[in-house]
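Here's the structure, in structure tokens; my notes come after.
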Amino acid sequence: MKKVFLPATLALALMSFVVATVATWKSDGAHSRLGFSITHMGISEVNGQFDKFEVSISTPNADFSGATIEMTAQASTINTGMSMRDDHLRAADFFDVANHPTLTFKSTSVKKDKGNAYTVTGDLTMRGITKPVTFQAIHNGNAKNRAGGDVAGFRMMGTIKRSDFKVGEPGGTLADEVKLIADLEVGKD
């Protein structure tokens, strides 16, 4: 009986330690931006963002390696600075917000590269279509906010093809490649 009890107790203690070391971080909406850029007619860049989104990061490690990153953006909050264009982007031929109100991302891998660089791989869902994507991320560092809480900063960048998600008509005046840029400040829960 002692032979079974001791390993079981040790395993339970180790599991408790692992659970206690997982940290959760949430995005600070006032200091974060989820943006994009797309080429129009091959000559200019149209920039925009989603005004309402949330990011959650769960990590077992202080350096964020092995983290899980989840993002949800409200598609109806797309903002390019021109209301007529934004209304068109909300329509069925682009984001179809009536049937697909959110865009989501869930990481499958967060690997620390050299220095403060990371490769983040995961599944992006847009218009009900899920595709694997890879982003490059930079951990800008950690700090304390005015309340004394822990905060961290990240920039994530990557490129997707809008045709993979059936956003907009093929060809036309918009490039197929869309650059995604997320500037994130996250606070530790």
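For the stretch 123-142, the residues whose backbone nitrogen is under 17 Å from a point 7 Å from the Cα of T102, taken along Cα to Cβ, are 123-131.
Between the Cα long axis of helix 2-21 and the first principal axis of the chain there is an angle of about 40°, rounded to the nearest 10. With a threshold of 27 Å on the Cα-Cα distance, the over-threshold entries among K161/K188; K131/K188; K112/K166; K111/K188 are K161/K188; K131/K188; K112/K166.
Dimensions of the stretch 44-115 from C-alpha coordinates, computed as largest minus smallest value along each principal axis and given longest first, are 45, 30, 17 Å.
Counting other beta carbons within 10 Å of each residue's own, what order do F94, F154 fall into, fewest first?
Listing F94, F154 from fewest to most nearby Cβ atoms yields F94, F154.
Read-outs throughout are calculated quantities, based only on the coordinates presented, and are distinct from any laboratory measurement. Predicted model only: the values in this text are computed from it and were never measured. Using ideal geometry, Cβ is built from the backbone for each residue, glycine included, and neighbour counts are taken over all protein chains shown.
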